């Protein structure tokens, strides 16, 4: 066929309806004039609710307020290709998308509006997480091999009712791990009750755990159920278990052995159906040897033992946790912080985190207070004690050097865990043995087994 073919609206509509990308058009007043089937599916917004509305009212995209791609095109005449952002769908979920824009012109070439196509990147994002080795259970995220081994055993642990002891430094996420076990167990529909044993004096802790009857002591005007009662059918998490006194240890041992207890002021035993998970940052085995903690109670709570590594031993999780906290604070504070600059990330990676994950969370929350909207978190947004390290008298920390130092540290620590066995270390790091050799050569790490590493037993 030759010659110019007249526009056929029916054909155009059919094409728009057949493609998998969302497409919408606006007039010069920013009112939506068309909205295809894919746009409905991605946003969850029916076409009839979109037509005639301003596009920012429909999409609630991260770029609508400050950096609208379509406005840029309408103002400059220049197209935008595959710019990443997110929209809020009809259910309130953030949907990652990429957008492209173009001008709409009439037959005389006059601009009459704009068109935007957008692609749902949710599947791409999920694949990215898989490729980068992201693991998540509950609110716990990690790509660390140490945490992966921990996550692998959680389903079996959750399937039993055995007592669990979680050991780890302050701020490592012991309660999050306990909640994850609870959430995967048959008790998931029941309550999860947490008690910090180190925050209450002994007498108050006893009444808090077991409850009391009216008249048990001065001020006890009515019965009050304890935490064992409120956790019935669910899980009771006792944090800082190493801080309880010998007298309370005896009462707790009885509950764990016989599944009965008496509220204060009562002689009537009550049965309990509660799974107990305990945690602490003290070495309970040392407390047992020192005569501070009962040996029989230790064995009762230590049926299954989980060790949470400190953040300094899994620094590969820092970028992932930063991403996790940014997403959370964006939701809570209705912000749109995009990420962290390379310079700020280098500072975060070089820090040892004595406060562990809780410290990192506080750092990101601090940055949200100081960081401007729609900007990346940069060094000036970090707490002073970190920002100062980025600019010492000798000059800023080179980003590349910080990354190399971290990578060398991870490799050496992995080699140590595997007794110098490079093949086993490569397997744990998720890389081929030749890749590990290449990295060791580039980082000037010794190929021979370090003198301080014992030979692997045969």
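Among 200, 270, 253, 238, which is under 37 Å from the mean Cα position of the chain (by Cα) and more than 30 Å from residue 155 (Cβ to Cβ)?
Values: 270 fails: under 37 Å from the mean Cα position of the chain (by Cα); 253 fails: more than 30 Å from residue 155 (Cβ to Cβ); 238 fails: more than 30 Å from residue 155 (Cβ to Cβ).
Of the residues listed, the single one that is under 37 Å from the mean Cα position of the chain (by Cα) and more than 30 Å from residue 155 (Cβ to Cβ) is 200.
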Open item on the list: I'd like the residue in the stretch 297-312 that is surrounded by fewer than 14 Cβ atoms within 10 Å (Cβ to Cβ) and in contact (Cβ under 8 Å) with a residue 24 or more places away in the chain and, out of all such residues, is farthest from residue 347 (Cα to Cα).
Closed with: 305
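For the stretch 422-435, which residues satisfy the criterion of being surrounded by 16 or more Cβ atoms within 10 Å (Cβ to Cβ) and closer than 19 Å to residue 313 by Cβ?
If we filter the stretch 422-435 for residues that are surrounded by 16 or more Cβ atoms within 10 Å (Cβ to Cβ), which is where we start, we get 422, 424-429.
Passing the criteria: 424, 425, 426, 427, 428, 429.
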- [ ] Find the strands (runs of 3 or more DSSP E) located wholly in the stretch 20-90 whose residues include 3 or more that are surrounded by 15 or more Cβ atoms within 10 Å (Cβ to Cβ) and under 35 Å from the mean Cα position of the chain (by Cα), and list them.
- [x] 22-27, 83-88
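What helices (runs of 4 or more DSSP H) lie completely within the stretch 290-389 and have 2 or more residues being in contact with a strand residue (DSSP E or B) (Cβ under 8 Å, 6 or more places away or on another chain) and not assigned by TED's automatic domain parsing to the domain that holds residue 149? Break it down into steps so the answer makes sense when it comes.
Details: elements: 295-301, 318-333, 342-350, 356-370.
By residue number, 318-333, 342-350, 356-370.
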TODO: Could you tell me which numbered condition residue 188 fails, if it satisfies all but one of (1) touching a residue at least 12 places away in the same chain (Cβ under 8 Å); (2) farther than 22 Å from residue 280 by Cβ; (3) within 34 Å of the chain's Cα centre (by Cα)?
DONE: (1)
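Output the residue which, of all residues in the stretch 171-191 that are surrounded by fewer than 20 Cβ atoms within 10 Å (Cβ to Cβ) and touching a helix residue (DSSP H, G or I) at 6+ places or on another chain (Cβ under 7 Å), is farthest from residue 303 (Cα to Cα). Before the answer, list the steps.
Here is the first cut: in the stretch 171-191, the ones surrounded by fewer than 20 Cβ atoms within 10 Å (Cβ to Cβ) are 175-176, 183-184, 186, 188-191.
Now drop any that are not touching a helix residue (DSSP H, G or I) at 6+ places or on another chain (Cβ under 7 Å), which leaves 184, 188, 191.
Working: 184: 18, 188: 21, 191: 22 Å.
The extreme case among them is 191.
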TODO: Answer with yes or no whether residue 276 is more than 30 Å from residue 142 (Cβ to Cβ), at pLDDT 90 or above and touching a strand residue (DSSP E or B) at 6+ places or on another chain (Cβ under 7 Å).
DONE: no
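The values are calculated or read from the model by the stated rules, or taken from the named source; none is laboratory data. Keep in mind that this is a model prediction, so the values were computed, not measured. Please note: Cβ atoms are built from the backbone with ideal geometry, for glycine as well, and neighbour counts cover all protein chains shown.
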